[in-house]
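First up is the structure itself, then whatever we jot down about it.
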Amino acid sequence: MTLFKALLATCLTLQQLTSSSGFYMPGVKPQTFQKGEEVEMKVNAITSIKTQIPKPYYRLPFCQPEGGPKMASENLGEFITGNKVQNSPYSIYMLQEAFCQKLCQKTISPIEYRLLNMHIGRAYHNNWIIDNLPSASIGSTEAGQRQKHYAGGFPLGFVDIKSKSNDKKKKLDTYVFNHVNIILDYHQPEGSDGYRVVGFSVEPLSIDHEFVGGYRWDGESQEGFNKMLSTCKANAHMTRSDIQKNQKVAPGATILYTYDVQWKQSPKAWSSRWDVYLNEEGLVPPQVHWYSISNSIFVVLFLSLLVISILVRNLKKDIAGYNAVAQYTDDEEADEEFDESGWKLVHADVFRPPSSMPMLYCVMVGSGVQLAISTMITIGLAAIGFLNPSRRGSMMNATLVTYMLCGCVAGYVSSRLYKAFRGRAWQLCTVCTAVLFPGFCFTVFLFFNTVLAFYHSSGSAPFLDILILAAMWCCVSIPLVFVGAFFGYKKEAMAFPTVTSTIARAIPKAPALLEPKICMSLAGLVPFASAYVELFFIMSSLWMNQYYYVFGFTFVVFLLLLVSTAEITVLLVYYQLVNENHRWW
């Protein structure tokens, strides 16, 4: 019960940290704008939950800023996670309304038609940013009700399913959203003459624009910007009911891009502007995360009771039997006869080094400890608010830094264990600890980065950032592994409580369920059961481009995962020793 109370108190504390009404981010300073001051809007890579391959925004026939697009990404984590933030041609000024402002006109070539048609068909979404706030999407349901989503951006366009015909060669009609209503919420702090952006949403519309009097614009002359449009109102914001005809995507089609800007005063403070993004207006109730915690706690309690009932009861019975024999029998032969059964039979072999690849075992244990500690530190920093969605790439940066700094732990643990095994090639063990697991991950990263580069995806990291990663690995992580190994080898070898015999004892054939390979396959089911609910939310957030922020729950679930893993390991090792299998590691 003490463990249960401690976990409950920890969970309540972290819940208060992660889901308070004012989501203040340490290190993020609010930006205050004066009336009429320019509010810069940036564009991020377009994304799709169908392909999971982000693409550059300006790869499609969209309006470009004067002088060409320029990168606005600031850190390594943004590039690695596929965030390619660039400037935009939209002109937005604080508290200044805009009505059907012309941006540019594009004539779609056959290649641009195929690109735009393909990306609309694959459900790609725009991701715009104003004052570090991502754009929410305003749409309408089939019943005609307005609906707002705060994650995943807004779509490029839509496919008309009604245009489907019996002719399989004929493609469905696609329409592009060439007009956007940019709706911005602002808040004026007390005692200040400036204003802060506290909300940003976009309502995309598809409008086949026409000029008054049938005027034809070439898209370049200044005269076209001054001409009136018959499809827009000069003094009112566009609505869906005002649309006469949608803008169809076709080869040779002329697309005129326009936008409205609407400002709305909001009582919401700057410190709580991220709340709606994180809870999606109650789309996922907090009770679901509490169910996840409860599920994990029940699994851990069940395992704890199981370990206590099996191990403690059997061990006490065995030890009592051994003590009784030692008390009433002085005959060595009687002792040997009693030793013919039970786990005590393998006491001279239980700490025997692995017969095959002991170095690989030490390397994997060291890398596992490094991974576990760096994961715990990263989740802990996220739980107390130092890592948050408003600082794009901060989670990736923290993960890389903590993992590399924990390299000294990996070197220390692997060296201590390898010295206990009386290993001779300690240099090779240290090199393998520093290179094997990080090298495998880096190779996989390079492979997928090359694949994304062939797909012209913005998710592929530039060559310079790959060099930075390699430099961090070679100049920080590997030296720290050698430093940890140096201190590990200077320590005395671990002393085991029993003396290992010269000749290894033969291992009898075990029952089918106690075969090591079967046990290893089944051992992961119980820890997975303790964390699968929270893991589902994490993977859904990654796959569906949503925001995950309840790291307090994640931290508690991670601790319970470690406890359940340790308990199931103790239980399975005990059964291996009972069946006289001393090769438990």
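The values are calculated or read from the model by the stated rules, or taken from the named source; none is laboratory data. Not measured: the values here are computed from a predicted model. All Cβ positions, glycine included, derive from the backbone under ideal geometry; neighbour counts span all protein chains shown. Heads up: the accessible areas ignore ligands, DNA and RNA and are worked out on the full protein's heavy atoms, side chains in. Shrake-Rupley method; radii C 1.70, N 1.55, O 1.52, S 1.80 Å.
With respect to the cross-link table entries 70/106; 29/233; 35/268, which display a Cα-Cα separation exceeding 29 Å?
Values: 70/106 20 Å; 29/233 38 Å; 35/268 19 Å.
In this structure, 29/233 lie more than 29 Å apart at Cα.
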Compute the distance from the alpha-carbon center of segment 478-554 to that of segment 49-123, in whole Å.
44 Å
If each of residue 464 and residue 161 carries a label point 7 Å out from its Cα toward its Cβ, how far apart are those two points in nm?
4.6 nm
Please list, in chain and number order, the residues 5+ apart from residue 274 or on another chain whose amide H is under 5 Å from its amide H, with Hs placed from the backbone.
23
How much of residue 203 can a 1.4 Å solvent probe reach, expressed as accessible area in Å² and rounded to 10?
10 Å²
Residue by residue through segment 172-188, which ³J(HN,Hα) values in whole Hz follow from phi under the Karplus form 6.51 cos²θ - 1.76 cosθ + 1.60 (θ = phi - 60°), with glycine and proline marked x?
5, 6, 10, 10, 9, 7, 9, 10, 10, 9, 8, 10, 10, 9, 10, 9, 9
Quick one: angle between helix 358-383 and the longest Cα principal axis of the chain, in degrees between 0 and 90, rounded to 10, please.
50 degrees
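Please tell me the relative contact order of segment 464-583 in percent, rounded to the nearest whole number, where contacts are Cα pairs under 8 Å and at least six residues apart. Don't skip to the answer; put the middle values down first.
Details: 40 pairs, mean separation 37.1, N = 120.
After rounding, I find 31 percent.
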Along the charge dipole of the chain, pointing to its positive end and built from +1/-1 on Cβ of Lys, Arg, Asp and Glu, which listed residue (483, 431, 356) has its Cα farthest out?
431
Long-range amide H partners of residue 126, meaning residues 5 or more apart or on another chain whose placed amide H is closer than 5 Å, are 154, 156
Heads up, I need the accessible area for residue 522: 1.4 angstrom probe, whole protein in place, Å², nearest 10.
90 Å²
Long-range amide H contacts for residue 246: which residues qualify at under 5 Å (H placed 1.01 Å from N, peptide plane, sequence gap of 5 or more or a different chain)?
208
Using a Förster distance of 35 Å, how high is the FRET efficiency between residue 210 and residue 37, based on the Cβ-Cβ distance and rounded to 0.05?
0.55
For semi-axes √(5λ) of the Cα gyration tensor in Å, which listed value, [x] 49, 25, 22; [y] 61, 25, 23; [z] 54, 31, 19, comes from the coordinates shown?
[y]
Taking R0 as 35 Å, what's the FRET efficiency between residue 585 and residue 172 from their Cβ-Cβ distance, rounded to 0.05?
0.05
Angle in degrees between helix 551-578 and the longest Cα principal axis of the chain, rounded to the nearest 10:
30 degrees
Per DSSP H run of n ≥ 4, the term is -39500 (n - 2.57); total these for the chain, divide by its residue number, and report the mean residue ellipticity at 222 nm rounded to 500 deg cm²/dmol.
-13500 deg cm²/dmol
Go from 0 up to the bin containing the longest alpha carbon distance in segment 426-585, width 5 Å each, and give me the % of pairs per bin.
1, 6, 9, 9, 10, 16, 18, 13, 8, 5, 3, 1, 0
Once you put a point 7 Å from the Cα of residue 425 and another 7 Å from the Cα of residue 234, both along the Cβ direction, what distance in nm separates them?
8.4 nm
Roughly how tilted is helix 110-121, in degrees to the nearest 10 and between 0 and 90, from the longest Cα axis of the chain?
60 degrees
Cut-off 18 Å, label 7 Å out along Cα→Cβ of residue 357, residues of segment 552-585 by amide N:
583-585
Residue 244 versus residue 390, label points 7 Å from Cα toward the beta carbon: distance in nm?
4.5 nm
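Given a 1.4 Å probe and heavy atoms of the protein chains only, how would you sort 90, 547, largest accessible area at the top?
547, 90
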At most 12 other Cβ atoms within 10 Å and a DSSP loop assignment: could you name the trypsin sites (Lys or Arg not before Pro) in segment 40-109 that fit?
50, 70
